Amino acid sequence: MSLRKSLPKLLVFVFLLGATASKPALAQATMERLEVAAPTQEDQTNLDTQLYLLVATNQEAAGPALPAVLDPIVKRLRGSLPFKNYRLTATLLNRVKNDGRLNLKWIGGPLSAPGDVSATSPSFNEFKLNNVKLVTGNAGQQLVRMEGFGFGVRIPVLTASAVASNGPMAPIINYESTGLNTDISFPEGEPVIVGTLNVGPSGDAIILVISARRTLK
């Protein structure tokens, strides 16, 4: 075969050989670029949330003194709500990851004032946050944003009385549900009033106060 006739075939063979040899090199270069990419660092900040449950009543409210941190809150309440006394029924401290969620259920003590027929019956409570996150406000201040703040409680309510087998009248108590859901933002570390809930014929009210701040350690 003459050199002139075999030369085109030789050039095609060399071209195909070069193309085949370049493919592994291209794949290797791509893998190296993926390995060099730095992983995203996860935010490890945690927040301590503190929920206070206050009961506002016009009846006598004997009990321990309210925490000093709630003094500004109670002063504001006395100026806007017509109740004589405020007592603290629960304080709940929980830790949650920044940009995380929280869900808590518990059996609480009686919410009615002493002497009421339902004062010995417990309450059933639920507190949840769909998302809690540190954010920066328009003025540059640090805020805590809570999305899907939810509080619900089932409280005992006297509905009727019946004659017991031994003769005396026995109260009939049913549990009724109340609660609230909202989205809020507030300054980090500052207690704020979230809302109030009526707790039945007694005229008393539950007042929800929340605060949150990043953990120190």
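Of note:
- Among the residues of region 71-97, those identified as surrounded by fewer than 17 Cβ atoms within 10 Å (Cβ to Cβ) and in a loop (DSSP other than H, G, I, E, B) are Leu81, Pro82, Lys84.
- Qualifying residue in region 76-83 (condition: assigned by TED's automatic domain parsing to the domain that holds Asn58, on the phi > 0 side of the Ramachandran plot and either at pLDDT below 90 or touching a Ser or Thr at 6+ places or on another chain (Cβ under 7 Å) (or both)): no
- Residues in region 195-209 that are buried (at least 18 other Cβ atoms within 10 Å of the Cβ) and among the β-branched types (Val, Ile, Thr): Val199, Ile206, Ile207, Val209.
- Filtered residues of region 122-136 (kept if part of a strand (DSSP E or B) and under 30 Å from Val157 (Cβ atoms)): Ser123, Phe124, Asn125, Glu126, Phe127, Lys128, Leu129, Asn130
- When Gly200, Gly150 are checked against the criterion of being under 19 Å from Val55 (Cα atoms), at pLDDT 95 or above, in contact with an Asp or Glu (Cβ under 9 Å, 6 or more places away or on another chain) and in the same structural domain as Phe127 (by TED's automatic domain parsing), Gly150 stands alone in meeting it.
- Test: residue in region 178-192 that is in contact (Cβ under 8 Å) with a residue 40 or more places away in the chain, part of a strand (DSSP E or B) and in contact with a helix residue (DSSP H, G or I) (Cβ under 6 Å, 6 or more places away or on another chain): no
- Candidate set: region 40-62, residues that are closer than 26 Å to Arg87 by Cα and surrounded by fewer than 13 Cβ atoms within 10 Å (Cβ to Cβ); chosen: the one modelled with the highest pLDDT: Glu60
The values are calculated or read from the model by the stated rules, or taken from the named source; none is laboratory data. Predicted model only: the values in this text are computed from it and were never measured. Every residue, glycine as well, gets a Cβ built from its backbone with ideal geometry; the counts of neighbours run over all protein chains shown.
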